[in-house]
Amino acid sequence: MDASYLDLVMAQQEESFEEAEGGGGVWVVADLLEGQIAPVTLEAIGAARTLADSLGAYVYAVLLGNDVTTLAETLYQSGADGVRVADHARLAPFALAPHLAILLDLFEEEEPEVVLLGASDAGQELAPRLAQRMGGGLIEHATSVTLDESTRVVQATFPIYGGDYFEIAACPEVRPQVLTIEPGAFASPYLDEYRKGEPTILDVEPVEPVVRRLGPAEDYEPPPVPLSEAKLIVAGGRQAGDFVLVEKLAQALDAHLAGDRGAWDAGLIEAEQMVDVRGVTVAPDVYVAVGLRGDTFHNAAMEGATFIVAIHPDPHAPIFEIADQCVEAQPEEVLPVLLEALA
Amino acid sequence: MRILVILRRVLDPAGIVAHRRLRRLFINREEYIIQPADHGALEAALRIKDATAAEVVVASGQSEPDDDTLRRGIAMGADRAIYLSGDAFKSADDAVAARALQEVIERLGDVDLVLCGATTLDTGQAQLGLRLAEALGWPQIVGAWSIEADDGRVQGVRRDGVRYTLVETDLPAVVLMAAGALKPRYPNGIRLINIYRDEGDVADALEQWDAADLLTPDELSPLIASVGRDFPPERERGERVEGTNAEVAETVAQALRQRMRG
């Protein structure tokens, strides 16, 4: 093989590189959390990398903020091929108008094929406006993405009723395909120290924010969260032994205190604290059942819980059939130790 | 002041079962409720009406027939309801609905404030209100816990992490109310009876607008297509935690801490 052939191949490669540079690509809008790149952004770059490898495209990250240029290194390490940085004192804290204007200018020129944002407060504010202005489709809170390689269409899964089941949707006609990525749903990519790059600095003059911050709302009292919408619930039953310990556990976890029909009959809880199909139906993230047998009416009212811990002395208690963690012990023996472990 | 509230409906989750093993969705009781966050947004609008004598218009923001939702909105105290209908609107997604609502707002004229919920109970999508804000070129306040509007300004309380911040912007604006921020009032009994009989002072309150008159066929084609459905894996019997009390407590505490962080 003579050198001229290699020259030819390299020239062709350069040509195709320039073509790809002109448009398309998978873009990730970076999010900041306490002065660092937010974990959800790294997860989004990981997802973008997988999509881009199948598409034969590049992954670009856009980073907007104040004093953030050095953070571009992390974006390269996590898998970005190119990074654009807009570094300006007026870009922090996040405000919609200046960030949106810069991103729109950039995307108008770059014509991305796919845009990923984290489903954070900032990402959720930006994504619909970006999609609307660019005429693209938007799927929010994606928990997984796959690619139809023949049509270059991204299919995204998002939870319905908080994860009861999932809907799969796609944006077949228009571009860009905008997605917000649910934090924690994608694996965080390996940070490769040998991946390096020089970020492109965007010359920006941020516009003034349209929504003004007036300071803390000091006299605002948020409404109490009703038991039916609680994220954390500690429920006690008649086998709980010392009910004060159950109350202490609820306090330690900053959880809502509840109970079953038996606890209500025994006068340990109020009617609006009774988890039962005849009382309140709940679907918290965490449900701790202490000394509670778990009859049909109780279990039906709380089986929507994501994670259930049950503590009960009887190994045949029905609550153990639906619990994720089963502790067969006397609650009054376990609870004091558990309270210490949580402190 | 004229306030437009977007009211959507949602299948009551108490009537459906997502069967993980059969990977099927069973609708045992097809009953609809107002999207809770939209319901709260209507309450916010009615509180502004109580304080400033604003006019409150409710409009449907989704494709299926939901005039029941709008009738309940009028019974709660809204002055007017616009029910977007038509075969062409049946396949509408949020982008199409936003375009239709933009057209509604332009035809109504003098709308100062658009209110809707910051999220939906079922899909969790928040794009309708924000797409509308972008189409209109209006500022937005997302996830407001309480709002006040008069003199060409709107002030809202928003949550930043654990703290609450007061923000302000000029009208016209779009405000998305946080779910659970306000407890909606009960419908007025007499209005409720009258609106279902089309009688009394609410006889003409519900107007039907054909979406095909508002948008071109091109604008009515949705951007997002549904591909399928997926179900989480079947729930397995839980792990038995064994050991001394201290070991058990440590395992449980670790699991709880991990879950609470997520």
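The values are calculated or read from the model by the stated rules, or taken from the named source; none is laboratory data. It should be emphasised that the depicted structure is a prediction, and the values quoted were computed from it without experimental measurement. Ideal geometry is used to build each Cβ from the backbone, glycine not excepted, and the neighbour counts take in all protein chains shown. Surface areas here come from the heavy atoms of the whole protein model, side chains and all, with no ligands, DNA or RNA. Shrake-Rupley method; radii C 1.70, N 1.55, O 1.52, S 1.80 Å.
The number of residues in the range A:76-91 being open to solvent by 20 Å² or more (accessible area, probe 1.4 Å) and either under 22 Å from the mean Cα position of the chain (by Cα) or acidic (Asp, Glu) (or both) comes to 3.
Yes/no matrix, rows are residues, columns are (1) assigned to a loop (DSSP other than H, G, I, E, B); (2) more than 24 Å from residue A:211 (Cα to Cα):
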{"position": "A:24", "(1), (2)": "yes, yes"}
{"position": "A:44", "(1), (2)": "no, yes"}
{"position": "A:48", "(1), (2)": "no, yes"}
{"position": "A:51", "(1), (2)": "no, yes"}
{"position": "A:73", "(1), (2)": "no, yes"}
{"position": "A:76", "(1), (2)": "no, yes"}
{"position": "A:83", "(1), (2)": "no, yes"}
{"position": "A:94", "(1), (2)": "yes, no"}
{"position": "A:100", "(1), (2)": "no, no"}
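Scanning the range B:81-104 for residues that are open to solvent by 10 Å² or more (accessible area, probe 1.4 Å) and under 15 Å from the mean Cα position of the chain (by Cα) turns up B:93, B:94.
Scanning the range A:140-162 for residues that are more than 7 Å from chain B (Cβ to nearest Cβ) and free of Cβ contacts under 8 Å to residues at least 12 places away in the same chain gives A:146, A:150. Inspect all residues belonging to the range B:27-48 and state whether any of them is without any contact (Cβ under 8 Å) to a residue 24 or more places away in the chain, more than 14 Å from every other protein chain (Cβ to nearest Cβ), in contact with a Leu (Cβ under 8 Å, 6 or more places away or on another chain) and not aromatic (Phe, Trp, Tyr). Yes, the range B:27-48 contains at least one residue that is without any contact (Cβ under 8 Å) to a residue 24 or more places away in the chain, more than 14 Å from every other protein chain (Cβ to nearest Cβ), in contact with a Leu (Cβ under 8 Å, 6 or more places away or on another chain) and not aromatic (Phe, Trp, Tyr). Quick check on the range B:153-162. Is at least one of its residues in contact (Cβ under 8 Å) with a residue 12 or more places away in the chain, open to solvent by less than 40 Å² (accessible area, probe 1.4 Å), touching an Asp or Glu at 6+ places or on another chain (Cβ under 8 Å) and more than 8 Å from chain A (Cβ to nearest Cβ)? Yes, the range B:153-162 contains at least one residue that is in contact (Cβ under 8 Å) with a residue 12 or more places away in the chain, open to solvent by less than 40 Å² (accessible area, probe 1.4 Å), touching an Asp or Glu at 6+ places or on another chain (Cβ under 8 Å) and more than 8 Å from chain A (Cβ to nearest Cβ).
The set of residues in the range A:273-298 that are open to solvent by less than 20 Å² (accessible area, probe 1.4 Å) and farther than 17 Å from residue B:256 by Cα comprises A:274, A:275, A:276, A:282, A:291, A:292, A:294, A:298.
Filtering B:118, B:78 for residues that are buried (at least 18 other Cβ atoms within 10 Å of the Cβ), closer than 25 Å to residue A:124 by Cβ and under 17 Å from the mean Cα position of the chain (by Cα) leaves a single hit, B:118. For residues in the range A:53-71 being hydroxyl-bearing (Ser, Thr, Tyr) and not in a helix (DSSP H, G or I), which is farthest from the chain's Cα centre (by Cα)? In this case the residue turns out to be A:58. Criterion first (closer than 10 Å to residue A:178 by Cα and open to solvent by 10 Å² or more (accessible area, probe 1.4 Å)) does residue A:113 satisfy it? Against the criterion (closer than 10 Å to residue A:178 by Cα and open to solvent by 10 Å² or more (accessible area, probe 1.4 Å)), residue A:113 qualifies.
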